[in-house]
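See structure below.
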Amino acid sequence: QNKVYIESDKEVTIDQVFKIIKTQSDFNFVYPKNLFKKTPKVKIKKGEIEITQLLKNSLSNKNVTFEIIKNHTIIIKRKPVVKTPEKQQQSIRGMVTDEADNPLPGASILVKGTTKGTETDFDGNFSIDVANDNAILVISYIGYTTKEVAIKGKNQLIVKLKEDASQLEEVVVIGYGKQSKAKVIGAVSKINAKELNKVASVSLDQQLAGKISGVVVNQSNGQPGASSNISIRGVGTLTAGTNPLIVVDGFPLSEGSSLNSINTNDIENISVLKDAASAAIYGSRAANGVILVTTKKGKNNQETKITLDTYVGFQQQSSGVELVDAYQHAQFLKEARDWGYVSKDPSNRNASDPNSVRVTKKLNGRNIDGRELNLDFLQPYLDRQPGLTNTNWMDVAFRTAPMYNYNLSASGGNKKTNYYASLGYFNQEGVVIGTDLKRYSASFNLSSKINNKIKFGILLNPSFTILNSKNQGSRSSGALGLLPLSFPYYSPYKTDGSLNISEQVISEQRELEGVRINGTPVENLLATSTKVIDHKKRFRVFGNMFVEAEILNNLTYKLLLGGDYDAYNKDYYYPSSIGSYRTPAPRKDANGEETKQFRYNYLVENTLNYSLEFNNHSFNILAGHTFQKEFNNFTKVTGTGYPDDNIQNIAGASAYSADYNSSIWTLESYLARIQYDYQTKYLISAAVRTDGSSRFGVNNRWGSFPSLSAGWIFTKESFFPENDILNFGKLSASWGKTGNNQIGNYGSQALITDSNYVFNDALAPGFITTSSPNPNLGWEVASSLNIGLDFRLFNKLNISTAYYKTNTKDLLLNLPVPQQTGYNTVLANIGEMENKGFEIDLSANNLKLGALNIGFNANITTYKNTVLALGPDQDVIATGRDENFVTKIGHSIAEIYGYEIEGIYKTQEEINNSPHLSGTLTGDYKVKDINKDGKIDSSDKVSKGSFLPDFTYGFGANVAYNNFSFSFDFTGVTGRTLMDGDMASLTEAGEGFSVPTTYYFKNRYHPTNNPNGFLGQPNFGNFSNSRKQLRSSSVVEKNNGDYLRLRNIRLAYDFSPSVLQAIKVSSFQLYLSANNVFTLTKYRGWNPDGTSSNVLTSGYNTGANYPIARTFLIGARIQL
Amino acid sequence: QNELLQEPITNKVSGKFYTNEKELEEAVNAVYASLQFTGNFNTAIPAIGEIPGEDAYDATPANDGGVYGQLDDYNVIPQNGLIGTIWQDAYKGIQRANIVINRIENVTYENNDTKQARIGEMKFIRALYYFNLVRIFGNVPLIIDEVENPQDFFDQKRAATTEVYSQIKADLEDAISKLPTRNDSNKGRVVKSAAYTLLGKVALTLKEYADAKTQLLKVVNTQIFKLIDADKVFAIDNELNEEIIFAVQYASGINTNKEGSDAYRMFNPTSRVVNSLSGAKGHGVLKESFYNLYAATDARKDVYVGKLSSGEAYNNKIAVPTTVITDAGSDWVVLRYADVLLMLAEIENALNNQDQAIFYVNEIRKRAKLTPYTGTKDKNTVFNEIDLQRRLELVWEGHRWFDLLRQERAQTVLGITDINKLLMPIPASQIAASTALTQNPGY
């Protein structure tokens, strides 16, 4: 196509001629900026015309020449100025490249002290005439350091330009747009694709951990497919959701929706909007911060690139749990059963009493408890007879689990259209048996210019996930909840190799001397993990399409239509052929369930963007309207009456019941923003968003969220001395309001729920109010202040610091109300909270040390959370295990309270002579009488800290040497306290019901076997109130959740160009990588990131907090 | 704008409910449903009525957080979850009754007598809950109106027991004026005799013997109720029989096993396995010595109670569940005619009418196939006989602890040294949630 068509006779500028050619053909133009600024318009005639002819006509009489080179590029140059020839005039030819010898087309070359200049062509070549041998050429290119080169008789020059990071031309994605990093005046952190995928994980939350100051990613459940809790600059809510808003390519995902659906290989970069001023443009959903995910796109004028990314690896569990073996357990169990028996009536009972005597020792007419019997089978263990069954159930429950990831992508583009497409397959087996995840995903991005003014794009992300999981907190299914109860005397398999079903359930409920031993009747965890079906299939596709049109000069209109379809189907089946807690197989009935949910969500967004630059003033104005609506449908069918295990889903049942739930939410918003700067030196931005949400009461349905920020790049001031130390400095301050609307869909309404009765054995449907209305319900409003100071030193070292302070008012609080009202809690906007702290980010790149190229980064963030107000007349919320989680005005959220344990009572006399809890026996804990009132009660509890850390930090480095590169990253948490529910009630309680930790066993008190122990004496059968109240105190130690973790370590090798040519690929990297290699912590529980999802009981850890995996990988990345 | 007005799709909303008789009847059903809650007559009220008594004990006191074991050992702590549930569920039931009493005013019933009966039923149920609360906790907050804004109650104090009792009486008297007499179609609901019986029990608790006698005699004189054969009283196929005045109903094996109670599992000895239903928790075993109190000829022996080879005895009034152990179908009998007769015996004895007292006791003995009472007629001896027959007749019906409390014998019979233990602690969560609730002394 070498001809163009002119619609009508007209007079146009040269620029417009070029546009006509560009829109109708594949031609590109390269010419110096402003070349045609002063040239008069030309007349063109209607009809078809050869391009070369059109150009000749248009450019005749203009002081230029043109030539067509390869790639349909037309280079236009000034005609050499014809001057009177001077002496020694000489022509210089040369080439401009970057440090990697890539030619830089369009670099400008100027003869110093003259107006004479030229530009490099497509291959980086130039030629210029200079007056004499002393001439100096000034060579410049955007983003590179300008260089002056003396001619000195040479006529061939090769000029290498260095990249100049000080110009910080990096672009950062912000809400509803992009901005150059230098101009960003809020707290926005960015992670690029290069930094992503260092951690092998199905979802992006894991990629963020430890990378960004102020962002805490708690992988509180390491089960494949489980999502992490992400908190940005502290937790700002007590009851409402804590999930940040995640926006993928402009489409805000429903809060809390699974991140597994986004393949991390398809992510180009992630921006985290941490302060309210940056986030306020997302209004009522932004109080927990906003994470903007940009997926990979193709580039125009780029040949198709095909990339294969793949890794294989294996994972191991990395918990702090260590349990005793059978020989130790026998010792423990004997002590517990004996002391339980004796302590009830010490004058009349003796540990040496055989069972035949024990059963006769009634107390007040009561038979003895079976837990007071001595177990017959323990003796061989106590005699340390070798070869007895000694199952390490940890080895049964955990495995070395493989994981694989394959990702194939293609991207490219011509002048008008670009695309990116990928296919991904991810397969992870869990480190706990019976858990795994598979994901098939694809991504497709296309954008195209219809003409010079109109552009459109389509983005689609379908994925299909298959998840096998277990309720690990349960004492019937899964493995982790059963581990503390699985006794080492029983084997997972029978001698014939088949599963050993119900041996422990039956054996632990057998009778001795006619009395049940009342042991620990749990099913073989291998059976529950492999035979219980908990199988979830999820199909999700989300994406958007947009049309962008320049409707006037500098004024762009954009229509974005987004959608999200998310459907899952879950089958649950607990066969009758395996036992459950206390119930041996075959059970009378199996349990079956089928759960279906589908959720669809759409977004309609209209925005106008106007940008204007004149005389050093630069404006960018945004205005828009968005509407989003979500539909949710949920059906659960429960089946009972299974005659057999033949059909292991609800089809096999004979009776059914169903739950159905459907809901809708809508959100309508208006938004506006103006960004202004003068000379890129003084920067101001103001924004406002007004949101209306269906979730809130009629009286508070609409809210406005303004923000204001200002910045000053003081190093650009003329008075600032030019120097080589401080290359860049920016001071910024911002203030803004954001909201939190994560309260469920109908929180403002008084709901009627069902509550049935049976009259004469016939079901009588009942319905009644079960929640109270609140027409004033509105969003939580967070006002936050951010002051930032950014530096660049020695052109290498970037330092970014910030102080933040956020006040959250009108907390959405599930306020515990006095229960005489008939309600336990009421959802209300009540209370106030403050989060403040400092952040420092440090990074340096390209430090040279011989042949080594070194970079490093470090970040640290401090947090101070203070509750300022709670409900009316309320100054404390105490909840959770033993009311030990205390949220108190003036203190941090959910401080963990407990008694201060001073030691063990070894004699009755000691007990009598000191204040103690009722029921205290020797071997129980001695507690400090904090308020010295002579009695021990809950007022003697003290705070032992909270889950919310004092500070978090991360640091890492990368080193490149020839073709090798090596990197590592550490992350750490300091000032975190955890309470482990399983430790409190089982593994360190000393009750003979469980398998204790080795720590407990080593340090337990026993008057003869371990007289120096400092943990409560094993006791089964007479477990005192005192121990019950103290068992949670004894496992909580201030800051027991602190850790330092080697998050990632990675060694990569890039093949040299010579090898690449031989195997015909453009790049090829092989790497070895390991994640979570070690975690330094004194925490003895499953997972130091583990917490309950309820903010008010933050830091409560159980077997449901699946441990984090240690992962070792080998991977390759090949680009064709 | 209209898009922002989203009403619940699968939930009924308070503002659009309670508009007609059908919906009010559903609300009434939900009030009855509250009787089945864990903290009410499912397990908690039975447990607190029986386990502290001398005949039942918790064989596995450390299990389930020790909540039952503490009842047995008189060392209940304010964090005891069962006590917390009693408080919560009683008030949930009260609020439900308050809602119906409030909303029914504006609804027209096809038959106004039905409407009046419903008000009476609600007031009876409300009185029953307050009667439980006041006996368990002493002074308790008193709310008799529908709560619209729970936040108004942070500073509500506990009302004196006298105030609570006068409300209970007022409710029962009003109920009596509105409730119908029992017939075949309403025997599952609250009827007039139930209100008389409860009012009599309340008066007896307050030692107002004359009034108690008046109320209870009204039940006797209607001649609707009678004693039936011992093996028929609790037969699962003979529920709501002529001896049952008021029972909370349960059913086993329907609605995916969700309409039964957990009483069978919780209270039976762990060794009791019938129809391969294992997993009983042993929290309410009966002493062998108590089982031995039944004479060999007593028709109630091995009917009301049974014994295992280990010597552990058990309550046999709750029938074995049909499918899963958590789903017992037996109704929980709150009031029955044998109780009425035994209360009358106690009253007459207190009023020094020993002959009349012995007459009532002999009714009970006769039905148990025992010979008439032959002991002396002095007040104490007669009392002891009445007391024994109450234990044997009403075992595991949740009366014992309350009987000993009202007779002021808990300390002597049970050996409780700390008088503070006669009241349960206000749940710790409630002390934490309210600024005005004070803890009972000794906790």
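Descriptive notes on the structure:
- List B:I9, A:I901, ordered by accessible area with a 1.4 Å probe, largest first: B:I9, A:I901
- Within segment A:782-872: Cβ-based charge dipole about Cα centre, in debye rounded to nearest 20 (Lys, Arg +1; Asp, Glu -1): 340
- Positions from segment B:52-83 whose accessible area shrinks by 50 Å² or more when the full protein complex is built, not the chain alone, probe 1.4 Å: B:Y57, B:A62, B:N63, B:I77, B:Q79
- Between 0 and 90°, nearest 10: helix A:326-343 axis offset from chain A longest Cα axis: 50
- Separation of alpha-carbon centers, segment A:497-520 and segment A:972-1045, rounded to whole Å: 27
- Figure note: B:H283, A:H1006, A:H617 ranked by solvent-accessible area, largest first, 1.4 Å probe, ligands and nucleic acids not counted: A:H617, A:H1006, B:H283.
- Modelled FRET efficiency - R0 25 Å, A:Y440 with A:N1094, Cβ distances, 0.05 increments: 0.15
- For A:925-936, mean number of other protein chain Cβ atoms within 10 Å: 0
- The alpha carbon gyration tensor of segment A:3-78 gives principal lengths a ≥ b ≥ c with a/c of 1.5 or higher and a/b no greater than b/c, which makes the shape oblate.
- Charging the Cβ of each Asp and Glu at -1 and of each Lys and Arg at +1, and nothing else, the dipole of segment B:18-179 about its Cα centre rounds to 260 debye.
- Note on A:D873: accessible area approximately 100 square angstrom, rounded to 10, probe 1.4 Å, nucleic acids and ligands left out.
- Backbone N under 13 Å from the A:T753 label point (7 Å along Cα→Cβ), restricted to segment B:6-31: B:11-12
- Inter-part distance where segment A:1102-1120 and segment A:815-829 are each reduced to a Cα centre, Å: 44
- Annotation: for a label point projected 7 angstrom from Cα along Cα→Cβ of A:Y961, residues of segment A:1044-1081 with backbone N closer than 20 Å are A:1049-1057, A:1069-1074.
- For the residues of B:430-437, the average number of beta carbons from a partner chain within 10 Å of their own beta carbon is 6.
- Overall form of chain B per C-alpha gyration tensor (a/c, 1.5; a/b vs b/c): rounded
- Between 0 and 90 degrees, the angle of helix A:1025-1035 with respect to the longest Cα principal axis of chain A falls at about 30 degrees.
- Summarising the label geometry, the points placed 7 Å from Cα in the beta-carbon direction at A:Y682 and B:T412 lie 9.5 nm from one another.
- Relative contact order (%) - segment B:18-179, alpha-carbon pairs under 8 angstrom, separation at least six: 24
- Listed residue (A:L378, A:G250, A:T304) projecting farthest to the positive dipole end of the protein assembly as shown, Cβ model: A:T304
- For segment A:599-725: relative contact order, % (alpha-carbon pairs under 8 angstrom, 6 or more apart): 20
- For segment A:177-245 versus segment B:58-90, the spacing of their alpha-carbon centroids is 44 Å.
- Full extension of the chain segment joining A:Y610 with A:T801 gains 65.6 nm, where the gain is 0.36 nm per residue of separation less the Cα-Cα distance.
- Efficiency of FRET between A:N350 and A:I506 - r from beta-carbon atoms, R0 25 angstrom, step 0.05: 0.25
- For segment A:228-386, with all protein chains in place and a probe radius of 1.4 Å, 48% of the accessible heavy-atom surface sits on carbon or sulfur.
- Computed about the Cα centre, the dipole magnitude for chain A is approximately 3780 debye when only Lys and Arg (+1) and Asp and Glu (-1) carry charge, each at its Cβ.
- C-alpha long axis of helix A:14-24 to longest principal axis of chain A, angle in °: 60
- Computed with a 1.4 Å probe over protein heavy atoms only, the accessible area of A:V199 comes to about 20 Å².
- Cα gyration tensor, the protein assembly as shown - rounded (a/c under 1.5), prolate or oblate: prolate
- At an R0 of 51 angstrom, the distance between the Cβ atoms of A:T115 and A:Y602 translates into a FRET efficiency of 0.35.
- Look at the stretch B:134-143: the mean tally of other chain Cβ atoms within 10 Å of its residues' Cβ atoms is 1.
- The relative contact order of segment B:250-330 comes to 40 percent, based on Cα pairs under 8 Å that sit 6 or more residues apart.
- Among the listed pairs A:K116/A:K299; B:K169/B:K379; B:K12/B:K187; A:K194/A:K296; B:K123/B:K226, those beyond 23 Å (Cα-Cα): A:K116/A:K299; B:K169/B:K379; B:K12/B:K187; B:K123/B:K226
- Per-residue [θ]222 nm for chain A (sum of -39500 (n - 2.57) over DSSP H runs n ≥ 4, rounded to 500): -2500 deg cm²/dmol
- When the Cα positions of A:V216, B:V147, A:G497 are compared along the charge dipole of the protein assembly as shown, A:V216 comes out farthest toward the positive end, with charges on each C-beta of Lys, Arg, Asp and Glu.
- Measuring only protein heavy atoms, the 1.4 Å probe finds B:R391 accessible over about 50 Å².
- Residue among B:N353, B:P8, B:I431 farthest towards the positive dipole end of chain B, charges placed on Cβ: B:N353
The values are calculated or read from the model by the stated rules, or taken from the named source; none is laboratory data. The shown structure was predicted, so the numbers you read here are calculated from the model rather than taken from an experiment. When we count neighbours, we look across all protein chains shown, and the Cβ atoms used for this are built from the backbone with ideal geometry, even at glycine. Each accessible area value is taken on the protein alone, full model and side chains, heavy atoms only, with ligands, DNA and RNA left out. Shrake-Rupley method; radii C 1.70, N 1.55, O 1.52, S 1.80 Å.
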